[in-house]
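First the structure, in the form of structure tokens, and then the observations on it.
The values are calculated or read from the model by the stated rules, or taken from the named source; none is laboratory data. Source: prediction; values computed, not measured. Virtual Cβ from ideal backbone geometry, glycine too; neighbours counted across all protein chains shown. These area figures cover heavy atoms from the full protein model, side chains too; ligands, DNA and RNA do not enter into them. Shrake-Rupley method; radii C 1.70, N 1.55, O 1.52, S 1.80 Å.
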Amino acid sequence: GAIFTWNASADSNYCPEACATALFAQRIDAGGALLWPVKYGTRILNGDYGPSVPRVAPDGAGGEILVFSQFIGGMIDAYVQAVDSTGASRWGSQAIPVATPLAERRALALAADGAGGALVVWQEFDGYAWRVRSQRFDPLGTRQWANDNVISVPGRPGGSSTIGLALSRAIPNPC
């Protein structure tokens with residue numbers, strides 16, 4: 001089977017009631033049958049200004065971890081959420097910011113850490129340059145590194161950013 005994720009807006013059949021835009025997921029079995037009870041799956045986020053199509057990674061227990069951006073407070077910021085094998089949000093009813101405070105964050109990448117959590121990498125504009133930053137989340141959605149900006153690689157000066165980032169595979173530290 002597989003889990004599919006997508007975003008939809010209020011003018012679609014997926015979210016006709018209250019949301020401006022929302023993020024959804026649906027799990028199917030190997031035969032293509034829907035496993036989560038609602039026809040459009042589970043609503044992961046109900047956003048006012050549209051979450052981006054998420055990056056996803058398996059959590060190792062039949063669910064998935066997602067990272068996505070959303071326009072909030074005049075900026076595009078990044079958030080994470082985990083969904084278990086039943087479609088329930090594991091990390092509360094709202095998504096968790098990848099870092100604080102609110103900032104311009106783009107070019108998201110995600111990799112499962114092999115222990116039920118994930119590593120997230122993004123670009124962040126600090127007012128002068130775009131920088132590459134990262135954070136690790138445990139299976140409960142708790143940030144594992146005290147400093148939200150553990151990896152900080154200087155980017156290009158000015159307002160331009162790199163097109164994208166990628167993580168290949170995260171392996172738990174055996175120590």
Legend entry - Phi to ³J(HN,Hα) by Karplus 6.51 cos²θ - 1.76 cosθ + 1.60 over the range 68-77, Hz, x for Gly, Pro: 8, 10, 8, 7, 9, x, x, 10, 9, 10
Inset, instruction - Describe numerically, in nm with one decimal, the distance between label points set 7 Å from Cα along Cα→Cβ at T86 and at D126. - result: 4.4 nm
Inset, instruction - Using per-residue counts of other Cβ atoms within 10 Å, averaged over each peptide, order 77-84, 21-28, 108-115 from highest down. - result: 77-84, 21-28, 108-115
Legend entry - Inter-label distance, nm, simple model (7 Å from Cα along the C-beta direction), N147/M75: 1.9 nm
Legend entry - Heavy atoms of E64: accessible area, 1.4 Å probe, square angstrom to 10: 10 Å²
